[in-house]
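The structure under discussion appears below in the form of structure tokens.
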């Protein structure tokens with residue numbers, strides 16, 4: 001193969017490709033080193049000592065009559081002293097039987113009607129302050145979404161870390177039915193990748209993650225100290241960043257398992273990712289300088305987690321750009337003879353094989369590999385294209401409002417607020 005003088009365009013493409021490779025290498029090295037330092041699960045049995053922490057369990061719900069009984073039944077089955085628990089359901093602008101079913105299940109129902117401020121974050125703020133949840137005698141508040149199912153041991157594992165002084169404790173999210181659809185399998189693999197290869201190694205090293213917004217427990221004294229002041233579409237990430245900037249951390253508890261309904265179609269998955277990545281872009285605008293300064297000046301590894309999370313939309317876009325412009329750079333640098341149908345086919349085959357193998361290794365390492373996972377394995381190679389496209393739109397045209405999200409067994413309405 002003859003080297004062709006690349007010219008100005010070729011040199012630009014070469015420099016751009018080298019910069020992308022450098023950034024990808026740096027972020028890849030971060031994840032690789034983090035994982036290799038502490039890659040294994042450390043099984044922890046239930047604590048021998050009896051629980052002592054008083055919890056308020058809070059279930060935000062809007063028109064969730066199809067699933068609310070299921071989550072409340074799972075809460076009723078928790079292996080935790082009932083005299084240390086209070087259960088609240090926030091019936092937020094409900095027009096169905098959510099509130100009645102919740103009362104029938106024994107929950108204290110807080111009915112709220114405010115069509116101008118109707119996001120989950122605002123509903124929680126109303127419950128915390130207007131309805132006095134922060135003024136009660138509970139020591140921690142656990143937020144559980146209406147489409148979740150918590151394992152009986154969930155709160156016992158969480159309480160271990162709350163009692164030791166962690167401000168926020170996040171459980172491990174699994175899927176109700178991960179093998180029911182291509183989108184569901186894709187989502188399950190996405191969560192498995194994050195939990196097993198990022199959150200667990202961070203927890204093993206005592207470093208903070210950023211919480212999910214459900215399956216999470218927050219100490220009341222921490223909430224009183226920093227307040228509940230979130231304005232983005234990702235109140236969970238935003239509160240986690242505020243926690244890190246306050247000198248505290250979000251501890252990931254791998255043993256505290258709960259299940260959630262993941263997207264059952266790619267249209268739903270697209271909406272979810274658009275909302276999440278748009279929210280992360282907004283959080284980057286609000287908090288990136290502060291967390292970067294805290295990491296650089298204070299050598300705070302908790303802050304580094306925030307830096308990486310806030311850079312993810314940009315990194316997704318850069319990965320997409322490299323995948324799309326790689327052949328163009330090869331053409332400009334090596335000449336037209338380097339880009340033939342055969343070489344392009346070989347490149348596509350290599351890309352697909354690498355994606356399939358990566359998915360198999362992720363599932364195998366987490367103990368989930370089985371024939372039922374074929375949908376997720378087949379879809380995994382589109383992962384960089386999908387997230388790259390969503391991230392690009394979220395950067396250039398971020399979402400400003402909530403939309404209706406179909407969770408599969410029920411439709412959870414996320415209200416539309418003014419842009």
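Table for the structure above
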{"item": "Number of the condition not met by residue 38 [criteria: (1) in contact with a helix residue (DSSP H, G or I) (Cβ under 7 Å, 6 or more places away or on another chain); (2) surrounded by fewer than 19 Cβ atoms within 10 Å (Cβ to Cβ); (3) modelled with pLDDT of 95 or more]", "result": "(3)"}
{"item": "Hits in the range 41-60 - residues which are at pLDDT below 95, over 30 Å from residue 364 (Cβ atoms) and surrounded by 11 or more Cβ atoms within 10 Å (Cβ to Cβ)", "result": "47"}
{"item": "Selection count where residues are surrounded by 16 or more Cβ atoms within 10 Å (Cβ to Cβ) and at pLDDT 75 or above, scope the range 315-350", "result": "7"}
{"item": "Residues of the range 119-141 classified as farther than 20 Å from residue 233 by Cα and either touching a residue at least 60 places away in the same chain (Cβ under 8 Å) or part of a helix (DSSP H, G or I) (or both), total", "result": "11"}
{"item": "Residue count, the range 289-306 (criterion: surrounded by fewer than 18 Cβ atoms within 10 Å (Cβ to Cβ) and under 30 Å from residue 351 (Cβ atoms))", "result": "0"}
{"item": "Residue that is surrounded by the fewest Cβ atoms within 10 Å (Cβ to Cβ) [pool: residues in the range 224-238 that are under 18 Å from residue 171 (Cβ atoms) and in contact (Cβ under 8 Å) with a residue 60 or more places away in the chain]", "result": "235"}
{"item": "Count of residues meeting criterion [closer than 22 Å to residue 140 by Cα and more than 24 Å from the chain's Cα centre (by Cα)] in the range 106-125", "result": "6"}
{"item": "Exclusive hit being assigned to a loop (DSSP other than H, G, I, E, B) and in contact with a strand residue (DSSP E or B) (Cβ under 7 Å, 6 or more places away or on another chain), set 211, 229", "result": "211"}
{"item": "Filter result (farther than 30 Å from residue 220 by Cβ, at pLDDT 95 or above and either over 16 Å from the mean Cα position of the chain (by Cα) or assigned to a loop (DSSP other than H, G, I, E, B) (or both)) within the range 248-286", "result": "none"}
{"item": "Output for the range 64-78, where each listed residue is in a loop (DSSP other than H, G, I, E, B) and surrounded by 21 or more Cβ atoms within 10 Å (Cβ to Cβ)", "result": "64, 67"}
{"item": "Residue identified as surrounded by 24 or more Cβ atoms within 10 Å (Cβ to Cβ) and over 30 Å from residue 265 (Cβ atoms) among 208, 138, 185", "result": "208"}
{"item": "Residue ID - surrounded by the most Cβ atoms within 10 Å (Cβ to Cβ), chosen from residues in the range 23-35 that are closer than 15 Å to residue 200 by Cβ and in contact with a helix residue (DSSP H, G or I) (Cβ under 9 Å, 6 or more places away or on another chain)", "result": "34"}
{"item": "Inter-residue pairs, beta-carbon under 8 Å, first more than 11 Å from residue 319 (Cα to Cα) and in the range 15-33, second exposed (fewer than 15 other Cβ atoms within 10 Å of the Cβ) and at pLDDT 80 or above, 6+ apart", "result": "none"}
{"item": "Search result, residues across the range 86-114 that are part of a strand (DSSP E or B) and closer than 30 Å to residue 52 by Cβ", "result": "86, 87, 88, 89, 90, 108, 109, 110"}
{"item": "Any hit, the range 393-401, residues being within 24 Å of residue 277 (Cβ to Cβ), modelled with pLDDT under 90 and surrounded by fewer than 13 Cβ atoms within 10 Å (Cβ to Cβ)", "result": "yes"}
{"item": "Residue among 103, 156, 163, 172 that is touching a strand residue (DSSP E or B) at 6+ places or on another chain (Cβ under 7 Å) and surrounded by fewer than 22 Cβ atoms within 10 Å (Cβ to Cβ)", "result": "103"}
{"item": "Top-ranked residue in the range 366-379 [being surrounded by fewer than 16 Cβ atoms within 10 Å (Cβ to Cβ) and in a helix (DSSP H, G or I); ranked as modelled with the highest pLDDT]", "result": "374"}
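The values are calculated or read from the model by the stated rules, or taken from the named source; none is laboratory data. From a predicted model like this one, the values you see are computed outputs, not experimental measurements. So basically every Cβ, Gly included, is an ideal-geometry build from the backbone, and we count neighbours across all protein chains shown.
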